[in-house]
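See below for the structure under consideration.
The values are calculated or read from the model by the stated rules, or taken from the named source; none is laboratory data. Computed from a predicted structure; not experimentally measured. Note that each Cβ is placed from the backbone with ideal geometry, even for glycine, and that neighbours are counted across all protein chains shown.
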Amino acid sequence: MKKLLYIIVFSVLVPLITTAQTIDSQLLENCKKELADISAKKVDIHDIAFNSDGHWLILYGDIGYSYSYIPSSLENMLGKLNSAGTSIDKALLLSDSSFVLVYGGKQYTAQSLPTDFATELEAVSKKDKNIKSVAYKNGTRLMVFGSNGFIARGLPQKMVAKLAQLNKKKAPIRESAFYGTDGWVLLYGRTGMAFQGIPDDLCSVLQKFAKKGTVVNLVRFYGDKWVVVYDGYKVETNI
C-alpha cells in the first residue's frame, strides 16, 4: 500500500558571521526533530543521508521524504517518484552536488560520482537484483544487492572476512555504514550485526539491542554524531 506523505523542506537562516559549526548544529537539530516527528507517527524510516556539509535527506513510508538541502535534480526526481507512487528506497549524499538515489528496488539515478564508483554501481544495476545498500566514504565503498551479493573496494579486512562468511552461508546482508578512517557497521539476517572502530556510546547501544534481539534497521554517521533506526521507525541518536 502506497502512502502519500508530506514533503518537508527545512532551511537554516543564519547571519553571515555564524560559524560553520553553528550551522552544522542547527542542521542536525532540525534533522533530529524531523526524525522524532516521523517516529511519533510510527512510520518506517528507510534511509537517512548526510552530505559533507551536514545537510540531510530522510526517506520514510513508501514515498515520503524530507530534507534540509539537496541538488535540484534530486529534488525533481523525488517529486516525480512521489507523484507516481514509486517506492523511494535508499539515498547517498556525497556533497551538495553528488548523490545516489535508489528507487523501485532495482533502479537508481546518480550525479557527479567518482568514475570508478559510478562504473561499479552500473554493474550492480545490470545484475537486475534489488539494491539493498550503497555505502561510500573517501573511496571506500560497499554495494549490497539481492540477498547477499556485494561489490566492495577498500574495506577493512575484518569487514571483508565477515562479508565473505555471510555470502558463503547465503545469509541476508541488510545494511552497512562507515565511520571515521576504518570504523564500520554491518547488519545481517534478522537481528545480526557486526561492527568495529565505532564510538563507545554507539557500541553500547548496539550491544544492548543485540542482547534484546531488537531489529536494527539503519546506522548512519555525520562526523562523531550517529543515528540508529530500530524496529522500523524508532530512533536513538547522540545528536
Unmet requirement for Ile48, which otherwise passes all of (1) more than 15 Å from Arg220 (Cβ to Cβ); (2) out of contact with any Ser or Thr (no Cβ under 8 Å at 6 or more places or on another chain); (3) among the hydrophobic types (A, V, I, L, M, F, W, C) = (1)
Output the residues belonging to the stretch 131-165 that are buried (at least 20 other Cβ atoms within 10 Å of the Cβ) and over 25 Å from Tyr108 (Cα atoms).
-> Met159, Lys162
Does the stretch 153-166 include one or more residues that are in contact with a Leu (Cβ under 9 Å, 6 or more places away or on another chain) and within 15 Å of Ala210 (Cα to Cα)?
-> no
Residues located in the stretch 74-112, provided they are among the small types (Gly, Ala, Ser) and either touching a residue at least 60 places away in the same chain (Cβ under 8 Å) or at negative phi (or both) | Gly79, Ser83, Ala84, Gly85, Ser87, Ala91, Ser95, Ser97, Ser98, Ala110
Given (1) outside the structural domain of Ile38 (by TED's automatic domain parsing); (2) within 18 Å of the chain's Cα centre (by Cα), number of the condition Leu101 does not satisfy | (1)
Sort through Val205, Val227 and tell me the only one that's farther than 17 Å from Leu142 by Cα and in contact (Cβ under 8 Å) with a residue 40 or more places away in the chain.
-> Val227
